[in-house]
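Take a look at the structure below.
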2 protein chains.
Amino acid sequence: MAGRFLRRAGPDEIIRKLTAKAVFERNLIADGDRVLIAVSGGKDSTTLAWALSAIRPALKRRCELEALHISSDFCSCCKKAFLSEKLRSWGIPFTDLFVPVIGRLKPGRKMNCYWCSTQRRAELLKYAVDHSFNKIALGHHLDDIIETFFMNLTEKGELSAMPVKLGYRKYPVTLIRPLGYIEETQVIACAEKLGIAASACSCPYGINSRRGDARKNLAVLTGGSGNVKRRILAALSSGKNDLLEEG
Amino acid sequence: MAGRFLRRAGPDEIIRKLTAKAVFERNLIADGDRVLIAVSGGKDSTTLAWALSAIRPALKRRCELEALHISSDFCSCCKKAFLSEKLRSWGIPFTDLFVPVIGRLKPGRKMNCYWCSTQRRAELLKYAVDHSFNKIALGHHLDDIIETFFMNLTEKGELSAMPVKLGYRKYPVTLIRPLGYIEETQVIACAEKLGIAASACSCPYGINSRRGDARKNLAVLTGGSGNVKRRILAALSSGKNDLLEEG
């Protein structure tokens, strides 16, 4: 990592450089790709959309970028007009898809984060396949990847992470996470500079507490150090099987 | 793991069963092996010596057990007579080898844990080879293994652990860690029951602070839960390359 450059660079420049690094190193976007960006309206996925539009000229690959927002029946706060306008200014067409998540709950069942995210992921995949997208870009960053690694380690007893590139066997689609090399603090700084930090759509069912615990553990283990996080990231690719690529 | 049995069993019985489980599952001791047990006089290695003597009849394998203690020029507190007598009562011959660690320091160099342990490990290997031992048994337990995993992850950027079985390429010797499935609290409980908990030989240069930090991090991450530690242990063997066996 070009340490000296990054120490002097602005927050948006850091995101641009590290997104390009991940895309080139992991070959996340190929010539002719149709990339569907999943945008929640939050800082991570909005920053991702901006970063992909910003690096597109340097990629020198023909690729199409579009954004999909999945609305649900308990999502009314989202500043969709703001999001749509931002995406338009970055040259990214925007679609809003309504999925009645609560309406799909079977009688007697309670809403939970796992079930809801499964429903939304299935709709995202179906939309991508139906509209001939071969890549889906998600806004997860380095902290998300490491947290998932620790959750899988301590809860599932598995040595596995959230991959930067994940090919599906059943669908002609590959998931990519172009912000995978970037710390959350760096994403936040960029989102603030771009004026998109406060447009998140929050869920009334609250945050996932298991992930909250994992986040606290990660803070203890790394002491908040970006260098430690990058060493963990390097470790995830150091074995015979690279935990950052699947499928 | 036979959970119900272990909840009712005494601390010495738990150590016996889990040591036998590791030895059988990992094939740590084969017929005809000559096993050199490295004993510091501390709770871990003394418990290991007892455990190997206790499971020997059930192994149904001809194997020889001997113990080696490495004394150094700053080791004067060690209760060697007590240790020697305990080992004799378990049928394990005992040898005390003097290594002048301070005397080997080059002018201007300070003592440190890494250098000292390298010196002692080299002497241990040399003694084993010179006396035709093909296995060296070390007293590291589950907490040591997981701590090493986290230290390698966060400091070296490597996905590697302290293996339960490690074959050397350069020497006709294999390192084994038969207490690798056992939590430190279980070792302590057994050592207390056997009356060997207080005979440790402490080093005047203090404990290794990096390992101390790793121990604190481990406590946060696992919440002290044995089940979480065992899930991490399972994870270390879950990938394409088993991190618990090398060489």
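The values are calculated or read from the model by the stated rules, or taken from the named source; none is laboratory data. Keep in mind it's a predicted model, so treat the numbers as computed, not measured. Cβ placement follows ideal geometry from the backbone for every residue including glycine, while neighbour counts extend to all protein chains displayed.
Got a sec? Which of B:Ile145, B:Ile92 is modelled with pLDDT of 95 or more, within 14 Å of chain A (Cβ to nearest Cβ) and on the phi < 0 side of the Ramachandran plot?
B:Ile145
Counting just the residues of region A:34-64 that are in contact with an Asp or Glu (Cβ under 9 Å, 6 or more places away or on another chain), modelled with pLDDT of 95 or more and over 11 Å from A:Ile196 (Cα atoms), which one comes out surrounded by the most Cβ atoms within 10 Å (Cβ to Cβ)?
Ranking the qualifying residues of region A:34-64, first place goes to A:Ala51.
Can you find even one residue in region A:161-169 that is away from chain B (no Cβ under 14 Å), surrounded by 22 or more Cβ atoms within 10 Å (Cβ to Cβ) and under 19 Å from A:Glu64 (Cβ atoms)?
No, region A:161-169 contains no residue that is away from chain B (no Cβ under 14 Å), surrounded by 22 or more Cβ atoms within 10 Å (Cβ to Cβ) and under 19 Å from A:Glu64 (Cβ atoms).
When the residues of region A:237-247 are filtered to those that are of a type outside the set (D, E, K, R) and more than 7 Å from chain B (Cβ to nearest Cβ), which remaining residue is farthest from B:Glu245 (Cα to Cα)?
My answer is A:Gly247.
Within region A:38-53, count every residue that is aliphatic (A, V, I, L, M) and in contact with a Phe, Trp or Tyr (Cβ under 8 Å, 6 or more places away or on another chain).
The total comes to 2.
Can you name the condition, by its number, that B:His131 falls short on among (1) at pLDDT 95 or above; (2) within 14 Å of chain A (Cβ to nearest Cβ); (3) surrounded by fewer than 22 Cβ atoms within 10 Å (Cβ to Cβ)?
(2)
Hey, A:Glu192 hits all of (1) away from every other protein chain (no Cβ under 14 Å); (2) buried (at least 18 other Cβ atoms within 10 Å of the Cβ); (3) touching a residue at least 24 places away in the same chain (Cβ under 8 Å) but one; which does it fall short on?
All conditions pass for A:Glu192, except number (2).
Quick one: in region B:212-227, which of the residues that are at pLDDT below 90 and more than 10 Å from chain A (Cβ to nearest Cβ) is surrounded by the most Cβ atoms within 10 Å (Cβ to Cβ)?
Out of the qualifying residues, it is B:Arg215.
What residue, among those in region A:228-244 that are out of contact with any Ser or Thr (no Cβ under 9 Å at 6 or more places or on another chain) and polar (S, T, N, Q), is surrounded by the fewest Cβ atoms within 10 Å (Cβ to Cβ)?
A:Asn241
For B:Leu83, which of the numbered conditions (1) on the phi < 0 side of the Ramachandran plot; (2) out of contact with any His (no Cβ under 8 Å at 6 or more places or on another chain) fails to hold?
(2) is the only condition that B:Leu83 fails.
Restricting attention to region A:96-115, report how many residues are assigned to a helix (DSSP H, G or I), without any contact (Cβ under 8 Å) to a residue 40 or more places away in the chain and not aromatic (Phe, Trp, Tyr).
Matching residues across region A:96-115 total 3.
Give the residues of region A:148-160 that are facing another protein chain (nearest Cβ under 7 Å), in a helix (DSSP H, G or I) and either surrounded by 23 or more Cβ atoms within 10 Å (Cβ to Cβ) or at pLDDT 95 or above (or both), sorted by residue number.
Listed by number, the list holds a single entry, A:Leu153.
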